[in-house]
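Okay, structure first, notes after.
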Amino acid sequence: RVRAYVFVCMLAYRLLAVLQWKLKVASRKEDSWESAHLFLQDLSRVNEVEVKFGHEIKTWYLNLTQKMSSTLKDIGKKELFKEAVRLTEP
């Protein structure tokens, strides 16, 4: 259990470090650790909503601000919260 916990902690740290690095490259600022923390706080407010219309299921993301969209574009993840439509079987 301890090994699994340490593995998850290290994985989370590495993901945070990659996000910090991408934000640093995109913004050319030195306070990228704080930027990464604030960006993750903002992303925690995004909600996914799925609505079924007949045989279609549409997915929307709520509370996604223009600033978040701009930051996602800067780090190369602009398609992360793309609205989607998928079909279900009749």
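The values are calculated or read from the model by the stated rules, or taken from the named source; none is laboratory data. Please read these numbers as outputs of a predicted model, since none were measured by experiment. As a convention, Cβ positions derive from the backbone with ideal geometry for all residues, glycine included, and neighbour counts pool all protein chains shown. Note: areas computed on protein heavy atoms with side chains; ligands, DNA, RNA excluded. Shrake-Rupley method; radii C 1.70, N 1.55, O 1.52, S 1.80 Å.
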Measure off, as a whole percent, the carbon and sulfur share of the 1.4 Å-probe accessible area of the chain, all protein chains present.
57 percent
Scan the chain and note any complete DSSP helix (H) whose C-alpha atoms cover at least 24 Å along its axis and whose Kyte-Doolittle average is -1.0 or more.
2-27
Before I look further, what does the chain give for accessible area per residue, probe 1.4 Å, in whole square angstrom?
84 Å²
Low-density loop cleavage sites - GluC sites (Glu not before Pro) in the stretch 1-58, where at most 15 other Cβ are within 10 Å (DSSP)
E30
Seen from all sides and averaged, what is the projected area of the convex hull of the Cα atoms in the stretch 1-75, in nm²?
7.3 nm²
Select from V49, F81, M10 the residue farthest towards the positive end of the dipole of the chain; place +1 on Cβ of Lys and Arg, -1 on Cβ of Asp and Glu, and compute about the Cα centre.
M10
Which sequence of L80, L64, L72, L87 reflects their accessible areas, 1.4 Å probe, from the largest down?
L87, L80, L64, L72
Each label sits 7 Å from Cα toward the beta-carbon; between K82 and Y13 the label points are separated, in nm, by 3.5 nm
Return the loop-located trypsin sites (Lys or Arg not before Pro) in the stretch 1-73 (DSSP other than H, G, I, E, B) with at most 15 other Cβ atoms within 10 Å of their own Cβ; answer none if there are none.
R1, R28, K29, R45
Around A26, under 10 Å between beta carbons, what's the net of Lys plus Arg minus Asp minus Glu among the other residues?
+4
Given K24/K73; K52/K77; K24/K67; K24/K78, the pairs whose alpha carbons are separated by over 20 Å:
K52/K77
